[in-house]
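Below: one structure, written as structure tokens.
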Amino acid sequence: MVLRGNLKRNRQAPLLAVACALATLLAACGGSSAGASFDGNVTVVLNQPTSKLPWLAKFAQQGARLAVDQINAAGGVKVNGKAYKLNLEELDNQLSPSVSLDNVKKAAAEKAVAIIDEGYTVDATYQAAATAGIPILVDFDGTTSLVDTARRPNVFRIAPASDAVATRLLAYVGTRNLKLAVVHDDSGYGKDGDAQLQAVLGKTALKPIDLELPSSATDYSTQALQVKQGGAEAVIVWARSPVLAAFVKALRQGGSTAAVFAGPTAEDPIVRTQLADHPEWVDGLTYASFRITTEGGPDAWDKFRKAYEDAKLNGGETDFHVGVKAKDGKEVVQPPDWQVFTYDMVQLVKAALEKAGTVDPSGNKIIDALNTVQVKSGNGDNRGWTKDSHEGVVDDDIIFNTFNDMVFKPAQDDPLSKSLIPIDQK
């Protein structure tokens, strides 16, 4: 284990035994469990905003499905001499805390062994899940307070955390000596992002414009005008993807040429599809996110991507077309980067069940086991949590991507980002 400093989380050290080594990806990928003999079933629930934020739900489903299919093709989850088939149940939480809570209660009644959740409604559901002994695995929302090993021992995350993103983003933007504006939406995610940005800004002499965008609004021309009249040369937008896209549109329609920076939500294809009539408005948009590949190079990622593409998920279509074309007329494709997270989560659940020696979530044995197991990630990293750290993405793995011609590439003015190889998106 390597300690990374006050704001650094732990990178897990490799173990000799890892679940589902990448060498077996192609052999297991797309395999059928029809000929396998199982002694029972266990269920992982996807509690995702399918109808509200389809990209989030899609990548969660695709990554988890790939892992489930591989595990079942390899004989399932082995617990106390028995083989269990892993099932994936998909529920739409509609971004509604009450609907999400109903979904979690359903998962508890069915004795699901884990819930994979984008995170936006976890405040309303983690207690019900904890009562049933079910871990909630957050695959997107970086809100800082979601993960707290003392108050929420059943909540784990594999996604960039907002405090780390805010620190890196302001350090990156700050080198430009531009007059800054900070804009966030009124969701819990937006407010937390703003709070993290303000905490970092409080240690500097910078006093940027700070505006809140109502998520229910259909027009942000007033706020865009405030940014322009305030003389902002750079804008950090921390918001869910539909609001981010709408604000960029208002900003450019209002004549502002300020550089735009954002958090991970900028990668959502909805940002590009909403701005497709003016692709030049997307050019230059730079966002902070996680490294797709690792220090070891792109080989592991390439194997994962091939396995993913060969799997022919979702009725024969695995890749996810963004819905826009580049200048050369080619369709832009969303690479399966976030899918790695849910893939890893399912592999970690399998390892935890086998370590706990039970498929019954009551008694917290599965949660306890998640604090100790580790797997090889789809991108080649070592992935896992400890009792003291439920974060699966370390702070210094955060990099910057910049859009040009509707595809993103690592920013060339940041050393870590520049060291990475661009990912094919056509």
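The values are calculated or read from the model by the stated rules, or taken from the named source; none is laboratory data. The structure displayed is predicted, hence computed values, not measured ones. Note that we place each Cβ from the backbone using ideal geometry, even for glycine, and neighbour counts take in every protein chain shown.
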- Message: SER145 - would you say it is free of Cβ contacts under 8 Å to residues at least 60 places away in the same chain, under 30 Å from VAL260 (Cβ atoms) and either of a type in the set (Ser, Thr, Tyr) or out of contact with any helix residue (DSSP H, G or I) (no Cβ under 9 Å at 6 or more places or on another chain) (or both)?
- Response: yes
- Candidates LYS191, LYS207, LYS228, filtered to the one that is free of Cβ contacts under 8 Å to residues at least 40 places away in the same chain, under 26 Å from the mean Cα position of the chain (by Cα) and surrounded by fewer than 24 Cβ atoms within 10 Å (Cβ to Cβ): LYS191
- Message: Against the conditions (1) over 24 Å from the mean Cα position of the chain (by Cα); (2) buried (at least 19 other Cβ atoms within 10 Å of the Cβ); (3) free of Cβ contacts under 8 Å to residues at least 60 places away in the same chain, where does THR222 fall short? Just the number, please.
- Response: (2)
- Subset of region 38-76, residues assigned to a strand (DSSP E or B) and either touching a helix residue (DSSP H, G or I) at 6+ places or on another chain (Cβ under 9 Å) or modelled with pLDDT under 95 (or both), comes to VAL42, THR43, VAL44, VAL45, LEU46, ASN47, GLN48
- When restricted to ASP141, ASP163, ASP148, the only residue surrounded by fewer than 24 Cβ atoms within 10 Å (Cβ to Cβ) and either touching a Gly at 6+ places or on another chain (Cβ under 8 Å) or more than 18 Å from TRP385 (Cα to Cα) (or both) is ASP163
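Residue-by-condition table, conditions (1) touching a Phe, Trp or Tyr at 6+ places or on another chain (Cβ under 9 Å); (2) assigned to a helix (DSSP H, G or I); (3) modelled with pLDDT under 95:
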residue	(1), (2), (3)
GLN223	yes, yes, no
GLN226	no, yes, no
ALA232	no, no, no
LYS249	yes, yes, no
GLY255	no, no, no
PHE261	yes, no, no
GLY284	yes, no, no
SER289	yes, no, no
PHE304	yes, yes, no
- Message: If the requirement is being crowded, with 17+ Cβ neighbours inside 10 Å, more than 30 Å from GLN223 (Cβ to Cβ) and free of Cβ contacts under 8 Å to residues at least 40 places away in the same chain, which of these qualifies: ALA114, ALA128, ALA107?
- Response: ALA128
- Exception for VAL349 within (1) under 21 Å from the mean Cα position of the chain (by Cα); (2) among the β-branched types (Val, Ile, Thr); (3) not in a helix (DSSP H, G or I) falls at (3)
- Note on the structure: Within region 362-412, the residues that are surrounded by fewer than 23 Cβ atoms within 10 Å (Cβ to Cβ) and among the small types (Gly, Ala, Ser) are SER362, GLY363, ALA369, GLY380, SER389, ALA411
- What residue, among those in region 306-344 that are in a helix (DSSP H, G or I) and modelled with pLDDT of 95 or more, is nearest to HIS278 (Cα to Cα)? GLN339
